[in-house]
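The values are calculated or read from the model by the stated rules, or taken from the named source; none is laboratory data. Note that this is a predicted model, so its numbers are computed, not measured. No Cβ is skipped: glycine too gets one built from the backbone with ideal geometry, and neighbour counts run over all protein chains shown.
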Amino acid sequence: MGDLGKFKINNGVEALLIVPADSHEETGSEEMQINPTDAGHPGIPAETTMTEASSIPVVTAAGKPRIIALDSLRGIAALIVVFHHLDNLLDEHGSNKFLGPIFHHSPLRILIDGRTAVMLFFILSGFALSISIGKNFSYWTYLLRRLTRLMIPCIVGILLAATACYFVAPKPIPVLGGWFNSLVWNEPLTWGLVIRHILMTGTEPDTSLVNVLWSLVVELRISLIFPILYFVTRKNTKISAVVAVAMYFLFRYFVIQSDNYVPFFNRNWIEALENIGYYIPFFIAGIVARENIDAIRRFVAKMHWSLVILALLIAIRLEESGVDFQIGIGAFLIIVLCVASPFVSRGLSIRPIEWLGKVSYSLYLVHLTLLATVFHLFYGKVNSYLLSAIVAVGALLLAEVFYKLVEAPSIQLGRRLTAKKKVTPAIAV
């Protein structure tokens, strides 16, 4: 267990993707809550000096500090997904004379690498969900908080997309390319389609309303068995890391044999199991990072800041490789460096990035609905670059609204449903 500013980790905190997303969020933005008054958690000393405590920036919300760096990473990843989808419209194959040299043939390509962002979500989820498990762990409390955290915003996001699709009545726009026309609002809108989205079947048609749903399907399915992964992995993280690598290559072979590589969707239950097996190693990587963060921090503390920057650049280069295994290594390095290095962590703690982390799951869920609506209604009438700017800015504004109206209340609901009732002692008369 890690030394995260040497505060106590709250055993009951919910965590999100990566969200989808993840947090995925997920990413989305889960709260890395740390409760200084909790009973001790293994590996996290109770006492600390002010210098040690301030080495990892935290923010107090409702009396519960949380680690900002992980939220911020998720926010950056969610924004990269937005840029990735806009790039799919403007320059899907990197042949645009203006955008191609900037975003496809330069180091800035990391800014439109949606696959890299999602793999980062998965490892962040492994790290963050590990925090929610402690000695007083209750699976039903964990599950209820997880479901309210993930599924309520997801269902509202699906219904919002279905409503927009109904009123827009989309038709193919061939010039916008294969991704937009074959994966976004390309299925006939029916109640059955909406219900199958909510049931998270994971098939390609059943992600057409909210294309990022594929990653949330992975997130949800692995979340159901995550406590088992955690308790097995923490017994020996070195052996678990080796097993995770072997598992990745085994299931990579399976999905290739099933003609389902890279695995986004599943066509049957066998492919669904293969996809789970393929992505589990990335969640295990998050657990390994979380359980060894104390040793990692001691190691990073001995590094000169220039070496930390060099390590981050190497990690980013691995992220750009296009190979999931290397992307996973790069994401692992980025996460541990951002958490373990005080100056990197402080850099991720500036207000705009902190806010982006807070709304990351909402951003992940709603940006495609706005993108599809704007381009179906105004493409050919308004300059494409202007439309993209409207989508980018509008998605951030919409994410803030969605967070306040949907995501934050769903978090509070999960807490209320799982809150321990205080027993008032009887007073003898």
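Based on what the data block shows, is residue 271 more than 15 Å from residue 324 (Cβ to Cβ), at pLDDT 95 or above and in contact with a strand residue (DSSP E or B) (Cβ under 9 Å, 6 or more places away or on another chain)? No, not satisfied. If only residues of region 297-332 that are surrounded by fewer than 20 Cβ atoms within 10 Å (Cβ to Cβ) and either closer than 21 Å to residue 231 by Cα or touching a Phe, Trp or Tyr at 6+ places or on another chain (Cβ under 7 Å) (or both) are counted, the one that is modelled with the highest pLDDT is 325. Inside region 317-339, residues that are over 19 Å from residue 125 (Cβ atoms) and in contact with a helix residue (DSSP H, G or I) (Cβ under 6 Å, 6 or more places away or on another chain) make up a count of 3.
Just one of the listed residues (411, 334) is under 19 Å from the mean Cα position of the chain (by Cα) and within 22 Å of residue 293 (Cβ to Cβ), namely 334.
Scanning for something surrounded by fewer than 14 Cβ atoms within 10 Å (Cβ to Cβ), assigned to a helix (DSSP H, G or I), among the β-branched types (Val, Ile, Thr) and out of contact with any Lys or Arg (no Cβ under 6 Å at 6 or more places or on another chain), does region 120-132 turn up at least one residue?
In the first step, residues of region 120-132 are kept if they are surrounded by fewer than 14 Cβ atoms within 10 Å (Cβ to Cβ); the result is none.
No, the conditions are met nowhere in region 120-132.
Residue 368 meets all of the listed conditions (1) under 30 Å from residue 290 (Cα atoms); (2) aliphatic (A, V, I, L, M); (3) within 19 Å of the chain's Cα centre (by Cα) but one, namely (1).
Close Cβ contacts (under 8 Å, 6 or more residues apart or on different chains) running from residues in region 136-147 that are over 12 Å from residue 220 (Cα atoms) to residues that are surrounded by 14 or more Cβ atoms within 10 Å (Cβ to Cβ) and at pLDDT 95 or above comprise 137/227; 139/227; 142/227.
Table: residues versus (1) assigned to a loop (DSSP other than H, G, I, E, B); (2) surrounded by fewer than 16 Cβ atoms within 10 Å (Cβ to Cβ); (3) over 18 Å from the mean Cα position of the chain (by Cα).
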site: 346; (1), (2), (3): no, yes, yes
site: 362; (1), (2), (3): no, no, no
site: 372; (1), (2), (3): no, no, yes
site: 375; (1), (2), (3): no, no, yes
site: 401; (1), (2), (3): no, yes, yes
